[in-house]
Amino acid sequence: MGNLKLGVDVVGAHNLLPKDGQGSSNAFVELFFDGQKFRTTIKEKDLNPVWNESFYFNIADPSNLHYLTLDAYIYNTIKATNSRNFLGKVSLTGTSFVPYSDAVVLHYPLEKRGIFSRVRGELGLKVYITDNPNIKSSNPLLATDVPEVDPGANALNMVSNSHAEKGGVRHTFHHLPNTNHQQKQQVPEPEIPHREHVPQHDHGPKYGIDHMKAEPHPTKLVRMYSAASSQPVEYALKETSPFLGGGRVVAGRVIRGDKTASTYDLVEQMHFLYVRVVKARELPAMDVSGSLDPYVEVKVGNYKGITKHFEKKQNPEWNQVFAFSRERMQASVLDVVVKDKDLVKDDFVGIVRFDVNEVPLRVPPDSPLAPEWYRLENKKGEKIKGELMLAVWIGTQADEAFPDAWHSDAAMPVDATPMVSALIRSKVYHAPRLWYVRVNVVEAQDLVPTEKNRFPDVYVKVQIGNQIMKTKTVQARGFNSLWNEDLLFVAAEPFEDHLILSVEDRVAPGKDEILGRVIIPLGSVEKRADDRIIHSRWFNLEKPIAVDVDQIKKEKFSSKIHLRVCLDGGYHVLDESTHYSSDLRPTAKQLWKPSIGVLELGILNAVGLHPMKTRDGRGTSDTYCVAKYGHKWVRTRTIVDNLCPKYNEQYTWEVFDPATVLTIGVFDNSQLGEKGANGNKDLKIGKVRIRISTLETGRVYTHTYPLLVLHPTGVKKMGELHLAIRFSCTSLVNMLFTYSRPLLPKMHYVRPFNVMQLDMLRHQAVTIVAARLGRAEPPLRKEVVEYMSDVDSHLWSMRKSKANFFRLMSVFSGLFAVGKWFGDICMWRNPITTVLVHVLFAMLVCFPELILPTIFLYMFLIGVWNFRYRPRYPPHMNTKISQAEAVYPDELDEEFDTFPTTRSPDVIRMRYDRLRSVAGRIQTVVGDVATQGERFQALLSWRDPRATAIFVTFCLVAALVLYVIPFQVVAGLAGFYMMRHPRFRHRLPSAPLNFFRRLPARTDSML
């Protein structure tokens, strides 16, 4: 690693500010890295200079590379005054340096040096790490010399050092032509020993994004965060620079390649051959009975889509759209065949052929292509009876026909039935609007028990759907009962279940008798959005002859029940884990605040997915993605039989609170073939969480996220998901004001729920949402909704307990560090620092009004200093923080165990003993904390009369002394005494500490 060097190719700049007073600039670039400084030549009178010069920096300590920064400054030189003007800068952190094989030329937008700087333009750099021994470091004296002037605008730009990377290809970049440059600038490829000569290609005078667009190479990795995340490189987040619909994404900004930008600017543009089969007329009869059962088969190469068939109909209507990916098409002919459904073999009716190269291109917002009638032909190409109405065009995923179309890249190269097509289609879902139902059971009167010789023990059972709750059991003396209990439920619009209340008498253990019942439709229940009082109502109880709701004999009698029932719209119904909430708005729409921004998500592709099933003797997967934010769920189309699927689908959400989380999950579709080991359950591959508050406004985040899943055998990487994310702020004032508002709606603080109620209600809400989304077409299955909602996040896990403990220790590590530092000050480990602290302490004692300003100024300076080291990427799942790297197999088995457990008694006994051991240590710590608190209480409780007398006397003396002596003097003496030199210290504990430890506690009263 002694030959490790940082290579920087300064390619060129574009659209610089004119600074020479004549509408141009004399630009040069200065590079700074680890105390080394290099400078390019000067390009006179050019706002689009091209240098194509290379420099190599020595890397002294490779382990410290991630903390170093490469700075590139562009200046305009002024010969008359021998001075220079600032044109812009680019700063790259060490985490973005990649090997030469992964390096590409990127054009970075120029940044300001200060608040009042005015810059524009871009600087093209190629930065890479190399350990080739043939490369020598650049001459460091170049940094102190006067910049060398380019001998001519049309002369060749010679590189300062030769490249020596094996197999590397140096790309030539050209600037836009202007009056100063009439010829194309070219850079000859230098000859390097032991390297094949690569011929130089002339790409013409293109700049930046056009050149990148023409390159066939895949998306390159430009940034890696393995050091910051302190976990293995394969588990780290990686920044990419893909070419999307809006242009090339570089450092979070989109560099547009042309004037036209698609609405789908966060995904790669994909072209599809669309075929709309509308209807047919006057089809010839094929059966003996004079009828036919027609259907249409659309075929391109190996891909074939089939419409549904109609029985005995010669003028059928289908109105179905097929989409064939141009990327996968292996044929240039489109065949649209009409066939007759038969028991043995389907009969050929007629065919319409299209040359794919002659199909027109349609780009929205153009109107949809009008379908036309086409005459059917027989197999010989002769016109026959019957016509077929078709529309055929080339479009992109921005086409309105895209979501409902049958997709060739989402189906196997075999016949696809309409039923299978429905299961692989992309879809947008809206979760039902959830309400909390508050039932206040006040009392019941005139109850008539079956047994007249005793007072009934009654309770009220309340039921909504599958949710059942009961009040406490009370004895009805005088045949009247009083409860005054609140019961809470979750209901979803539209209300399908009724509120059913039954008053039951506990006749014997395990035997209950219904005394009366009332059914209340939820649609008739009063709604409220605040804490106003709901008027109570009396309901007549009806006597049923059976427990079944459908078998009720409506027979009125005098028993009544007193209720307050309302739909509480002032709460936010939690239907997901509270740590990953995607929506915090209340149910009542009149309480909603205006949105603060728009969140755009581009689901690009997935790579390296782990096979989830076996088909034809090989591993494969049929994957789709689900994204959830607020009430809106989206599902991409299923890409069948592909371990590196390309989705390229874009979705948008309104954002109402930045403290929310977007969740994207990847699943394997198990509904297309035979049942596997897990039945028909869709298998989880992994998920990604993005917290909106961690995103910068307007920046495009393009990263590949590792799909990390915890299995019973340990953590496993199931592949990588490539996403493009952008958060756009529509109202900066509203967003800043949001940070001062409560996180949850007002009712959560006026009438809060306890923890047990919240857990129960959240479980009910997830069950209702899963049931409603499971009824959609295609359905979002229950296991998908539960995995996206983190329904099991509250269950016990030894691994999670360890992770939370270490998180807590990390939070207090700052306090521990301050305590250690103060201990070193008191022990005079560094005399100079200790003296300076004494001086600062004396100043603060003399001027106490400076204490708070000093603290806030110190925090301000820390914040400003940390700004340059701020995270440039969204946080992602970390295996080290999650304690998933070195977890024991038995702890994982315990985490994946069902509730209640299904393990053997011996395993349960071992785990119980382990839990008792951990709980015993926690019990000891809690007891020690309680002991210290009780000793403070004993100071004035006279539990120890002598100790309390000493303390009371000390308090009297201290009051007199502090009254006479100024507080500043006392504080100064106390501070200097605490920081006294070790020569004046004793190794034994101090007298106040000895006194405190002798105070009594309540441990003597413990059994």
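The values are calculated or read from the model by the stated rules, or taken from the named source; none is laboratory data. Given the structure is predicted, the values throughout are model-derived calculations rather than measurements. Heads up, the Cβs are rebuilt from the backbone with ideal geometry, glycines too, and the neighbour counts pull from every protein chain shown. These accessible areas exclude ligands, DNA and RNA; they are computed on the full protein's heavy atoms, side chains included. Shrake-Rupley method; radii C 1.70, N 1.55, O 1.52, S 1.80 Å.
What FRET efficiency would be calculated for the residue pair residue 102, residue 313, taking the C-beta separation as r and a Förster radius of 56 Å, to the nearest 0.05? Spell out each step's value before the answer.
Numbers: r = 60 Å, r/R0 = 1.06.
Step by step, r from the Cβ atoms, then E = 0.40.
Which whole-angstrom value gives the distance between the alpha carbon centres of segment 311-385 and segment 942-1007?
Computed from Cα coordinates, the inter-centre distance equals 95 Å.
Highest mean first, what order results for 699-710, 961-972, 821-832 on Cβ atoms within 10 Å? Don't jump to the answer; show the numbers that get you there.
Numbers: 699-710: 21.6, 961-972: 11.3, 821-832: 12.8.
So the peptides 699-710, 961-972, 821-832, ranked by packing, come out 699-710, 821-832, 961-972.
Rank by packing, highest mean first: peptides 883-896, 569-582, with packing defined as the count of other Cβ atoms within 10 Å averaged across residues. Each step should come with its number before you reach the end.
Details: 883-896: 15.8, 569-582: 20.1.
In descending order of packing, they fall as 569-582, 883-896.
Extension gain residue 901-residue 811, at 0.36 nm per residue separation less the Cα-Cα distance, in nm? Each step should come with its number before you reach the end.
Working: separation 90, 0.36 × 90 = 32.40 nm, distance 3.41 nm.
Here the segment from residue 901 to residue 811 would lengthen by 29.0 nm.
Just need the relative contact order of segment 1-96 here, percent rounded to a whole number, with Cα pairs under 8 Å and 6+ apart. Show your work: numbers first, answer last.
Working: 194 pairs, mean separation 29.7, N = 96.
After rounding, I find 31 percent.
Along Cα→Cβ, 7 Å out, is where each label goes; now give me the distance between the ones at residue 842 and residue 955 in nm to one decimal.
3.6 nm
Could you tell me whether segment 764-904 comes out rounded, prolate or oblate from its Cα gyration tensor? Rule is a ≥ b ≥ c as square roots of the eigenvalues, rounded for a/c under 1.5, then prolate if a/b exceeds b/c, otherwise oblate. Intermediate results must be reported in sequence, preceding the final value.
Working: a/c = 3.70, a/b = 2.27, b/c = 1.63.
Note, shape of segment 764-904 comes out prolate.
Which of the trypsin sites (Lys or Arg not before Pro) found in segment 915-998 are in a DSSP loop and have at most 13 neighbouring Cβ atoms, other than their own, within 10 Å?
Details: sites: 916, 921, 935, 943, 946, 980, 983, 985, 987, 997, 998; in loops: 943, 980, 985, 987, 998.
The qualifying sites are 980, 985, 987, 998.
When Lys and Arg each count +1 and Asp and Glu each count -1, what net charge do the other residues less than 12 Å away from residue 650, Cβ to Cβ, add up to? Write out the running numbers ahead of the final one.
Details: positive: 726; negative: 265, 268, 600, 649.
Net charge in that neighbourhood comes out at -3.
Using only helices, what value at 222 nm comes out for the chain when you add -39,500 (n - 2.57) per DSSP H run of length 4 or more and divide by the total residues, to the nearest 500 deg cm²/dmol?
Values: 15 runs with 195 residues, N = 1007.
When only DSSP H runs of four or more count, the value is -6000 deg cm²/dmol.
Going by the alpha-carbon gyration tensor, a ≥ b ≥ c the square roots of its eigenvalues, is the chain rounded (a/c under 1.5) or, if a/c is not under 1.5, prolate (a/b greater than b/c) versus oblate?
Numbers: a/c = 2.27, a/b = 1.05, b/c = 2.17.
Oblate shape, in that a/c is at least 1.5 and b/c is the bigger or equal ratio.
According to a simple spin-label model (label point 7 Å from Cα along Cα-to-Cβ), what is the distance in nm between residue 366 and residue 383?
My value for the distance between the label points is 2.7 nm.
Under 19 Å between alpha carbons, and skipping anything fewer than 8 positions from residue 383 in its own chain: which aspartates and glutamates qualify?
Once the sequence-local aspartates and glutamates are set aside, what remains near residue 383 is 282, 297, 335, 340, 347, 355, 372.
For the chain, what is the relative contact order in percent, using Cα pairs closer than 8 Å and at least 6 residues apart in sequence?
Details: 1952 pairs, mean separation 73.5, N = 1007.
The value is 7 percent.
Take each of the peptides 46-52, 524-530, 355-361, 103-109, average the number of other beta-carbon atoms within 10 Å over its residues, and list them starting from the highest. Intermediate values should be presented prior to the final figure.
On the way: 46-52: 24.1, 524-530: 14.1, 355-361: 10.9, 103-109: 20.9.
Top to bottom by mean Cβ count within 10 Å: 46-52, 103-109, 524-530, 355-361.
What is the sum of charges, Lys and Arg at +1 and Asp and Glu at -1, for the other residues whose Cβ falls under 14 Å from the Cβ of residue 593?
Working: positive: 585, 589, 741, 746; negative: 583, 654, 657.
Its environment carries a net charge of +1.
May I ask you to derive the FRET efficiency for residue 34 and residue 697 from their Cβ-Cβ distance with R0 = 30 Å, giving the value to the nearest 0.05? Write out the running numbers ahead of the final one.
Details: r = 33 Å, r/R0 = 1.09.
Calculated value: 0.35.
What shape does segment 331-460 have by the C-alpha gyration tensor, where a ≥ b ≥ c are the square roots of the eigenvalues, rounded means a/c under 1.5, and otherwise prolate means a/b greater than b/c and oblate the rest?
Values: a/c = 4.66, a/b = 2.71, b/c = 1.72.
Note, shape of segment 331-460 comes out prolate.
Measure off 7 Å from each Cα along the Cα-to-Cβ vector at residue 741 and residue 870, then give the distance between these two points in nanometres to one decimal.
Label-label distance for residue 741 and residue 870, simple model: 2.3 nm.
Leaving out ligands, DNA and RNA, and with a 1.4 Å probe, what % of the accessible surface on the chain is carbon or sulfur? Numbers along the way, then the final one.
Values: 30490 of 53210 Å².
Accessible surface attributable to carbon and sulfur in the chain totals 57 percent.
Beyond a 29 Å Cα-Cα separation, which of these cross-linked pairs lie in this structure: 427/717; 37/112; 279/782; 470/628; 43/112?
On the way: 427/717 27 Å; 37/112 20 Å; 279/782 38 Å; 470/628 34 Å; 43/112 22 Å.
Check vs 29 Å cut-off fails for 279/782; 470/628.
Are there chymotrypsin sites (Phe, Trp or Tyr not before Pro) in segment 736-765 that DSSP puts in a loop and that have at most 14 other Cβ atoms within 10 Å, and which ones? Mind dumping the intermediate values first?
Numbers: sites: 737, 739, 749, 753; in loops: 739, 753.
Hits after loop and neighbour filter: 739.
May I ask you to derive the relative contact order of segment 601-662, considering only C-alpha pairs under 8 Å and at least 6 residues apart, and to give it as an integer percent? Before the final figure, lay out the partial values.
Working: 93 pairs, mean separation 24.0, N = 62.
The normalised contact order for segment 601-662 reaches 39 percent.
Lysines near residue 452 by alpha-carbon distance under 24 Å, same-chain residues fewer than 8 away left out - which ones?
461, 472, 511, 543, 553, 554, 556, 560
With a 1.4 Å probe and all protein chains left in place, how much accessible area per residue does the chain have, in Å²?
Details: 53210 Å² over 1007 residues.
Accessible area per residue, the chain: 53 Å².
Just how far, in whole angstrom, is segment 446-491 from segment 529-544 if you go by their alpha carbon centroids?
Answer, in whole Å: 15.
Distance between the C-alpha centers of segment 732-753 and segment 630-709? Whole Å please.
After rounding, the separation between the Cα centres reads 29 Å.
Can you tell me the FRET efficiency between residue 326 and residue 917 if r is taken as the Cβ-Cβ distance and R0 is 45 Å, rounded to the nearest 0.05? Walk me through the numbers on the way to the answer.
Working: r = 63 Å, r/R0 = 1.41.
That pair, residue 326 with residue 917, gives E of 0.10.
Considering only the other residues whose Cβ falls under 14 Å of the Cβ of residue 902, what net charge follows from Lys and Arg at +1 and Asp and Glu at -1? If you can, show how the numbers build up before the last one.
Numbers: positive: 903, 911; negative: 893, 894, 895, 897, 906.
Combined, the nearby Lys, Arg, Asp and Glu give -3.
Take each uninterrupted DSSP H stretch in the chain, measure its Cα extent along the helix axis, and return the ones at 30 Å or beyond whose mean Kyte-Doolittle hydropathy is at least 0.5. Each step should come with its number before you reach the end.
Numbers: long enough: 798-826 (40 Å, 0.42); 905-938 (47 Å, -0.41).
Span-like helices, by this rule, are absent here.
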